[in-house]
Amino acid sequence: MQLKSPRSAIISALIYNALIIPALIPLALKGVQFRPLTANQLLRRNILIFGLGGVIAPFIAIKIIDILIPFA
């Protein structure tokens, strides 16, 4: 990811978690409606919804935070 330093990488990850966890609390408290699905249907749905974006988005956000913080 070519972050500035190990220190800025840790601080960027901490800031990201400090922002994203409170943002997701309302979603967690709301819950989801139960739908009877097979394991394959559930896996396909979860990969479609959370898969690629859930893997890539944190790295992009941490890189942006690293750029914005003034640590060397």
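The values are calculated or read from the model by the stated rules, or taken from the named source; none is laboratory data. These numbers come from a predicted model, not from an experiment. Cβ: placed from backbone, ideal geometry, glycine included. Neighbour counts: every protein chain shown. Note: accessible area is taken over every heavy atom of the protein model, side chains too, but ligands, DNA and RNA are not part of it. Shrake-Rupley method; radii C 1.70, N 1.55, O 1.52, S 1.80 Å.
General observations
- Residue that is most open to solvent (accessible area, probe 1.4 Å) [pool: residues in the stretch 21-40 that are of a type outside the set (A, V, I, L, M) and in a helix (DSSP H, G or I)]: K30
- For S8: the one exception among (1) polar (S, T, N, Q); (2) assigned to a helix (DSSP H, G or I); (3) free of Cβ contacts under 8 Å to residues at least 24 places away in the same chain: (3)
- Tally of residues being at pLDDT below 85, closer than 29 Å to A9 by Cβ, open to solvent by 100 Å² or more (accessible area, probe 1.4 Å) and assigned to a helix (DSSP H, G or I) across the stretch 48-72: 2
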